[in-house]
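Written out below as structure tokens is the structure these notes cover.
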Amino acid sequence: MDTLKLAITVVEGIVAFAAVLLIGDYIGYKFGRMRLATYTLFTVLGIIILFAIYAAINLNLGN
């Protein structure tokens, strides 16, 4: 049963990766690749900062 769960997870990951690739290619074509790269960079940095704040608060509260 664990092997089936792993296989499902791998297939879902591959399908999600392909979908993200296609969506990124389409959006990059529509808005320009440099603009898309810039927005993606700022979004990822923002998510990392938010996660760091969340983790620091969680660790300090002892949860």
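Every number in this text was worked out from the coordinates using simple rules, so none of it is lab data. From a predicted model like this one, the values you see are computed outputs, not experimental measurements. Cβ atoms come from the backbone with ideal geometry, glycine included; neighbour counts cover every protein chain shown.
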message: Show me, for region 49-59, the HN-Hα J-couplings you get by feeding each phi into the Karplus relation (A = 6.51, B = -1.76, C = 1.60, θ = phi - 60°), rounded to Hz, glycine and proline as x.
response: 5, 4, 5, 4, 5, 4, 5, 5, 5, 4, 5
- prompt: Mind ordering 33-40, 50-57 by average Cβ neighbours within 10 Å, highest first?
  reply: 33-40, 50-57
message: Output wanted: per-residue J couplings in Hz (rounded whole) for region 31-39, from phi through Karplus 6.51 cos²θ - 1.76 cosθ + 1.60, θ = phi - 60°, x for Gly and Pro.
response: 9, x, 5, 5, 5, 4, 5, 5, 4
